[in-house]
Amino acid sequence: MTRLNLILFFALMFSALGLVNSQHQTRKLYIELEQMNQVAKQYDQEYGQLQLEQSTWAMHSRVEQIATQQLQMQVPDAKRVQVVLSKDALMVDGSQMQAKEPPPDLQLKTQKWAKP
């Protein structure tokens, strides 16, 4: 009977130590998870700020202002603008279409800057 009690006692002690170790590891991992979540929130905030900054730097009015003032560029005359369409753009329902003058809205979108 003493032998059985001794075996059960050691089994109980090992089980208790295993439980304590398991809880300790769980707490450490939870703290690490919370720290990683905090870092992720900071990265998300920084990413949002960078997107806002990028959209500010890429604003059409800013690009146009730099092109005209710093690079001395200007919009070319409509006669000098040429629209080049790819072969895929000319295909409509499997048949080829004749490329003539592009529609006016496409001409406005394809204006390029040119040095005077």
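Of note:
- Of the residues making up segment 1-59, just one is surrounded by 10 or more Cβ atoms within 10 Å (Cβ to Cβ) and not in a helix (DSSP H, G or I), namely Met59.
- Complete set of residues in segment 60-74 that are out of contact with any helix residue (DSSP H, G or I) (no Cβ under 8 Å at 6 or more places or on another chain) and in a loop (DSSP other than H, G, I, E, B): Gln70, Leu71, Gln72
A short reminder: the numbers here are calculations on the coordinates, not readings from a lab. Keep in mind the model is a prediction, meaning the values are calculated, not measured. Please note: Cβ atoms are built from the backbone with ideal geometry, for glycine as well, and neighbour counts cover all protein chains shown.
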